[in-house]
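Here's the structure, in structure tokens; my notes come after.
The numbers here are math on the coordinates, done by the rules we state, and not lab data. Being a predicted model, the structure only gives us computed values, none of them experimental. Note that we place each Cβ from the backbone using ideal geometry, even for glycine, and neighbour counts take in every protein chain shown.
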């Protein structure tokens with residue numbers, strides 16, 4: 001990574017692009033105002049396109065967000081859906097929302113807009129004020145998804161789940177594990193100052209922040225997205241440029257294997273993935 005890059009100018013450029021995006025969105029909303037919609041959220045997003053994205057200025061991919069692990073099977077009913085999948089290509093996964101029982105394909109535009117809104121708001125923080133706490137993580141989740149899922153967004157899951165072949169810790173352990181996780185992230189970051197060099201210490205801290213959060217799977221759903229939002233916040237805090245956090249199709253098997261290793265507290269595969277992320281971002 002080029003150390004002489006002006007990161008402040010980079011994030012200011014993001015905000016200029018964001019302003020243009022918001023202006024265009026308001027114009028689009030006025031055009032749709034005369035149409036009939038269902039629910040308070042429906043007049044904010046055009047659901048005709050299932051491949052709406054979190055804007056490129058945040059994800060640096062320009063692509064739709066993918067899930068991090070596959071499902072273990074089809075849900076028997078909407079209330080029992082909890083596995084992290086986020087694959088928009090499938091219209092067979094349903095969940096109850098404020099818009100009714102919808103497939104994730106139908107909810108994709110709303111989820112993307114929620115993530116975009118929260119990631120944009122993070123740029124208004126003083127980087128030094130961003131701290132990894134349970135309250136901060138829950139707020140990110142609630143702010144992004146609270147309108148769609150008011151009953152559980154921003155709250156740790158209250159049931160046990162299976163995510164692909166991974167069995168996250170039982171729900172009653174989640175609050176304590178998340179408190180320990182936050183303390184551990186902050187302890188690791190305490191050895192890293194702003195504008196850090198890409199050292200093994202930095203890479204391991206980021207690998208831990210990503211892998212351990214996904215392994216705990218603290219929320220009923222949308223854990224992949226909350227991990228990406230938190231990682232974006234940590235990169236901003238460290239005055240590092242955002243990197244592509246969504247693996248390409250050709251790299252997905254390697255990423256899933258790295259997450260499985262992280263479930264067993266082996267961070268080395270994720271460390272190498274983070275090393276490559278920074279190399280590709282140069």
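Between residue 96 and residue 171, residue separation times 0.36 nm minus the direct Cα-Cα distance comes to 24.9 nm. Full extension of the chain between residue 254 and residue 184 yields a length gain of 22.6 nm, computed as 0.36 nm times the residue separation minus the alpha carbon distance. Gain on full extension, evaluated as 0.36 nm per residue between residue 195 and residue 275 minus their Cα-Cα distance, stands at 27.2 nm.
Counted by neighbouring Cβ atoms within 10 Å, the residues 162, 132 run from fewest to most as 162, 132. Quick check on the range 184-282: take the gyration tensor over C-alpha atoms, sort the square-rooted eigenvalues as a ≥ b ≥ c, and tell me if it's rounded (a/c under 1.5), prolate or oblate. Rounded, because the longest to shortest axis ratio a/c is under 1.5. Annotation: for a label point projected 7 angstrom from Cα along Cα→Cβ of residue 264, residues of the range 169-187 with backbone N closer than 18 Å are 169. Listed from fewest to most Cβ neighbours within 10 Å, the set 217, 166, 268 follows the order 268, 166, 217.
As a rough footprinting exposure proxy, the listed residues 101, 192 were ranked by other beta carbons within 10 Å of their own, and the order from fewest upward is 101, 192.
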